[in-house]
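Notes follow once the structure below has been shown.
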Amino acid sequence: MNKKVETQGKKIVLSQTVKLGHKTAKGQVVTDPNEMFFEAERTPSFLTGSEVIRAAIKRANLDVSVAYPITPQSEAAALIGELFAEGYVKEYFRGESEFAVMGECAGAAFGGARVFTTTAGPGTMRAMENFPMWAGSRLPIQVCVTCRGINSPLSIQPDTLEIYYLLETGMLVWHAETAQDLYDWILGGFLVSEQPDVHLPLALCCDGFFVTHTKDTVLLQSDEMCLPEYDPYRSPVPCMDMECPPVRMMRDPFIMKSNYISYMTHASWQQEVHAAVDRARKHTKVLMGGSLIETQNLDREILIVTSGTAVSQGREAIRLLQEEHGIKVGLVKIKSLRPFPHEEIREATANAKHIIVPEFNVAGWLAREIKAVVPNNERVYAGPHVAGGMTMPSEVIVEEIKKYLGVGGQSLGGRG
């Protein structure tokens with residue numbers, strides 16, 4: 001079975017020093033990612049999301065993974081440990097805590113390694129200090145964030161509030177709807193993060209349990225293929241080797257010399273990190289089929305605009321609204337949150353009178369992002385919301401839209 005992806009004539013850019021066709025120690029053939037993603041035959045496999053993470057890392061030519069158990073990512077971390085035992089991952093160990101894991105990942109990336117780890121919920125919060133450091137240090141580490149509740153009373157069920165905290169760390173942030181997204185974007189994430197004009201960490205988010213612990217059919221390339229190895233010398237800043245020791249990072253610390261120099265250094269560096277996020281746009285589009293969004297029926301006056309598994313619930317809600325109530329609704333699926341698809345969303349929603357944003361969190365952070373980029377943002381309705389691991393039946397979205405439109409009950413506007 002072949003999976004063709006529209007790339008608009010563009011290709012994944014490779015290092016000039018990469019050697020294709022040779023075999024790794026495990027006998028995998030180092031393959032051009034353009035062939036892996038757009039040409040290679042794929043076979044359907046029925047896997048959980050955690051098993052999908054294992055399948056992707058098996059083909060990722062990974063150097064280092066550091067693990068610390070926290071539900072719902074613990075199984076994925078353990079499965080990566082199996083890959084280490086089998087020889088597909090060069091180094092793997094358990095850190096002392098989530099905070100320690102992210103520091104150890106940074107050390108490996110500073111040394112020029114391709115690094116992957118996983119976290120979730122309170123683990124993400126404990127590790128949070130490291131993420132802006134990764135971005136500021138231009139470390140292309142990938143962390144798979146299997147979203148769960150972060151607030152007390154404790155919940156291990158899905159909640160995307162932690163994505164809200166990640167949005168301004170300087171990282172790339174993608175939000176997978178399905179196990180297929182998760183698989184493709186793990187492999188593609190390394191290729192985007194490692195581009196010299198990007199070279200930033202990636203938080204690849206998925207909704208815990210809904211994606212990690214349910215089974216789905218996923219199309220996989222042969223596991224005899226793997227990505228080209230990471231070339232750390234394409235980095236916009238030097239990796240640490242014998243000629244660039246760690247001490248150079250803090251030689252003559254500018255903060256000891258002048259607050260003014262410190263302010264200017266941080267201001268310019270943060271601007272560069274944000275610019276690098278935007279430069280990732282062109283590379284990300286190649287891996288995501290030519291656009292950071294996916295759309296259906298944009299000619300309709302009502303659009304559901306959302307990300308992650310709320311997209312799946314939205315698809316079913318659209319079917320129910322059409323079949324049971326004759327209400328026609330279109331869909332916009334947001335794949336990448338950083339870089340954010342400002343222009344695509346403005347264009348997709350240009351003719352919509354009502355923009356509905358269902359979310360698996362109480363804050364409504366995605367609706368805020370959309371309101372900030374669309375004209376006449378009173379069209380944006382933030383909701384429905386569920387939080388703390390509550391499911392969002394498609395019927396809830398249906399009823400919310402009916403109320404909003406004043407169909408079969410009092411409109412939201414009428415309730416003040």
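We did not get these values from a lab; they are worked out from the coordinates using the rules stated. These numbers were taken from a predicted model, which means no experiment stands behind them. In this analysis, Cβ positions are derived from the backbone assuming ideal geometry, glycine residues included, and neighbour counts consider all displayed protein chains.
The convex hull defined by the C-alpha atoms of the range 159-235 has an orientation-averaged projected area of 6.1 nm².
With an 8 Å Cα cut-off and a minimum separation of 6 or more residues, compute the relative contact order for the range 293-415 in percent.
Computed over the range 293-415, the figure is 27 percent.
Ranked for footprinting exposure by Cβ neighbours inside 10 Å, fewest first, M133, M171 give M133, M171. Within the listed set G111, G208, G121, the Gaussian network model of the chain (springs between alpha-carbon atoms below 10 Å) gives the highest mean-square fluctuation for G111. Over the C-alpha trace of the range 89-137, radius of gyration and Dmax come out as 10.5, 29 angstrom.
Here the calculated FRET efficiency for I156 and L20, from their Cβ-Cβ distance with R0 = 56 Å, stands at 0.85, rounded to the nearest 0.05.
Modelled spin-label separation between R319 and K10, with each label point placed 7 Å from Cα along the Cα-to-Cβ direction: 3.3 nm. With semi-axes defined as the square roots of five times the eigenvalues of the C-alpha gyration tensor, the equivalent ellipsoid of the range 307-416 measures 21, 17, 14 Å, largest first.
Size check on the range 263-331: the Cα extents along the three principal axes, sorted descending, read 59, 26, 22 Å.
For the range 29-234, compute the orientation-averaged projected area of the C-alpha convex hull (one quarter of its surface), in nm². Spell out each step's value before the answer.
Values: hull surface 41.0 nm².
If you wrap the Cα atoms of the range 29-234 in a convex hull and average its projections, you get 10.3 nm².
How much length is gained if the chain between Q180 and H266 is pulled fully straight, taking 0.36 nm per residue apart and subtracting their Cα-Cα distance, in nm to one decimal? If you can, show how the numbers build up before the last one.
Working: separation 86, 0.36 × 86 = 30.96 nm, distance 3.84 nm.
Fully extending the segment from Q180 to H266 adds 27.1 nm.
For the chain, the longest principal axis of the C-alpha atoms and the axis of helix 259-287 are separated by about 70°. For the range 1-118, relative contact order (Cα pairs under 8 Å, six or more residues apart, normalised by length) works out to 24 percent. Once the chain from E35 to A100 is taken as fully extended at 0.36 nm per residue, the excess over their C-alpha distance is 19.7 nm. Viscosity 1.306 mPa s, temperature 10 °C: what is the translational diffusion coefficient of the chain from Stokes-Einstein with a Kirkwood Rh over Cα pairs, rounded to a whole number of µm²/s? Reported coefficient: 72 µm²/s. Within the listed set Q270, Q157, Q221, the Gaussian network model of the chain (springs between alpha-carbon atoms below 10 Å) gives the highest mean-square fluctuation for Q270. Taking Cα atoms only, the orientation of helix 309-325 departs from the longest principal axis of the chain by about 20 degrees. Adding -39500 (n - 2.57) for every DSSP H run of four residues or longer, then dividing by how many residues the chain holds, sets the calculated 222 nm ellipticity at -11000 deg cm²/dmol. Taking every Cα-Cα distance in the range 290-364 and sorting them into 10 Å bins starting at zero, the pair-distance distribution P(r) comes out as 20, 53, 25, 2 percent. The Rg/Rh ratio for the range 1-142 is 0.99, where Rg is the radius of gyration of the alpha carbons and Rh is the Kirkwood radius. Each of W134, W269, W365 has some number of other Cβ atoms within 10 Å of its Cβ, and from fewest to most they run W269, W365, W134. With 13 Å as the cut-off, how large is the P(r) tail for the range 13-60, expressed as percent of Cα-Cα pairs? Within the range 13-60, distances greater than 13 Å cover 69 percent of Cα pairs. Overall shape of the range 342-392 was characterised from the C-alpha gyration tensor. The equivalent ellipsoid obtained from it has semi-axes of 22, 10, 9 Å, in decreasing order. Among D184, D32, D159, the ranking by other beta carbons within 10 Å of each residue's beta carbon, starting with the fewest, stands as D32, D184, D159. Each residue, E86 and L298, gets one label point 7 Å from its Cα in the Cβ direction; the gap between the two is 4.2 nm. Averaging the sequence gap over all C-alpha pairs within less than 8 Å and six or more residues apart, then dividing by the number of residues, gives the chain a relative contact order of 17 percent. The C-alpha atoms of the chain define a longest principal axis, and helix 98-110 lies at about 50 degrees to it.
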